[in-house]
Amino acid sequence: MFLVVGANGQLGNELRLILGDAAEYVDREQLDITDEKAVKAFVKPEKYAAIINCAAYTAVDKAEADAQLAEKINVDGPKNLAETGVPLVQVSTDYVFDGLGHRPYKEDDETHPQSVYGVTKLAGEKAVLEKASGCFVIRTAWLYSTFGNNFVKTMRRLGAERENLTVVFDQIGTPTYARDLAEAIVAMLPKLKTGVKEVYHFSNEGVCSWYDFAVEIMKLSGLKCKVKPIESKDYPTPAKRPFYSVLNKGKIKADFGLEIRHWSESVRDCVEKLNNGL
């Protein structure tokens with residue numbers, strides 16, 4: 001039996017569709033991972049083969065003014081789960097990098113987060129790597145799904161409301177369909193054992209800007225909204241975003257034999273589901 005934490009979010013819901021009865025699913029109503037005593041009382045090592053932690057404080061801009069809560073959820077929570085002795089999958093982010101590089105980031109490249117969100121997620125990684133009996137830390141990027149709130153759904157909503165939209169073109173990365181990430185995690189679980197501790201990168205294949213991503217979403221959604229490119233300086237946000245955060249996936253592909261889809265193929269799948277009301 002696996003334990004999926006943060007089960008009502010994008011990734012948690014995708015895991016629910018794949019794992020079905022092979023896992024138990026909890027969200028903060030059932031388990032507050034920031035409460036050390038509650039975690040110890042709930043998580044019995046003899047019951048679970050692994051924990052998949054999908055819970056996170058992901059409101060990147062809000063985190064700048066709410067660092068204390070972001071730290072509780074992104075650092076204390078993973079640490080509490082790691083200390084149960086159950087092997088742990090911890091989902092992390094491309095925001096651990098500063099985005100000033102010009103080649104896809106490898107797992108052992110220097111981290112230098114530029115936001116509270118990135119700082120807390122990196123601290124969570126370190127806590128898990130130190131405290132867990134065994135763990136996979138999986139950094140991902142630009143996550144979207146048919147579930148929850150995300151860029152794809154926001155663009156579709158705004159595209160239906162407006163004739164024109166501006167989106168930044170100077171932040172480069174790779175969108176990741178939560179369904180593809182969930183399938184990768186499930187494929188990795190058989191190798192997650194006590195004593196195994198690894199960091200991996202996973203996103204879909206290919207590279208694009210947020211502008212390119214938005215244009216594709218409009219096209220696939222059949223929306224007439226015209227997307228115009230702007231620079232990040234023309235759309236200031238409280239949190240600093242990495243300008244380039246493409247992830248190198250060579251390690252995860254080599255270790256698990258994964259074949260990863262191009263981002264355009266995956267977003268087509270997702271938008272088709274949304275178009276059909278699925």
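Some values worked out for this structure:
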{"item": "Out of Leu223, Leu158, Leu165, sole residue that is part of a helix (DSSP H, G or I), in contact (Cβ under 8 Å) with a residue 60 or more places away in the chain and aliphatic (A, V, I, L, M)", "result": "Leu158"}
{"item": "Among (1) without any contact (Cβ under 8 Å) to a residue 24 or more places away in the chain; (2) surrounded by 17 or more Cβ atoms within 10 Å (Cβ to Cβ), the one test that Gly134 misses", "result": "(1)"}
{"item": "Number of the condition not met by Ala55 [criteria: (1) open to solvent by 20 Å² or more (accessible area, probe 1.4 Å); (2) over 15 Å from Ala239 (Cα atoms); (3) assigned to a helix (DSSP H, G or I); (4) in contact (Cβ under 8 Å) with a residue 24 or more places away in the chain]", "result": "(3)"}
{"item": "Breaking point among (1) under 30 Å from Ile51 (Cα atoms); (2) not in a helix (DSSP H, G or I), for Pro238", "result": "(1)"}
{"item": "In the stretch 58-115, the residues that are buried (at least 20 other Cβ atoms within 10 Å of the Cβ), small (Gly, Ala, Ser) and outside any loop (DSSP other than H, G, I, E, B)", "result": "Ala63, Ala70, Gly77, Ala82, Ser92"}
{"item": "Counted residues, the stretch 218-247 - those being of a type in the set (Val, Ile, Thr), closer than 17 Å to Leu143 by Cβ and out of contact with any strand residue (DSSP E or B) (no Cβ under 9 Å at 6 or more places or on another chain)", "result": "0"}
{"item": "The one condition in (1) crowded, with 24+ Cβ neighbours inside 10 Å; (2) of a type in the set (Val, Ile, Thr); (3) not in a helix (DSSP H, G or I) that Thr146 fails to fulfil", "result": "(1)"}
{"item": "Candidates Ala187, Ala254, Ala178 - the one that is closer than 16 Å to Glu107 by Cα and either modelled with pLDDT under 95 or not aromatic (Phe, Trp, Tyr) (or both)", "result": "Ala254"}
{"item": "Count of residues meeting criterion [out of contact with any Leu (no Cβ under 9 Å at 6 or more places or on another chain) and either under 18 Å from Val96 (Cα atoms) or open to solvent by less than 10 Å² (accessible area, probe 1.4 Å) (or both)] in the stretch 168-197", "result": "2"}
{"item": "Residue check for Val39: farther than 24 Å from Ala184 by Cβ and crowded, with 21+ Cβ neighbours inside 10 Å", "result": "yes"}
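The values are calculated or read from the model by the stated rules, or taken from the named source; none is laboratory data. Worth saying up front: this structure is predicted, and the values here are computed from it rather than measured. Quick reminder, even Gly has a Cβ in these numbers, built from the backbone with ideal geometry, and neighbours come from all protein chains shown. What goes into the accessible areas is simple: the full protein's heavy atoms, side chains included, and nothing from ligands, DNA or RNA. Shrake-Rupley method; radii C 1.70, N 1.55, O 1.52, S 1.80 Å.
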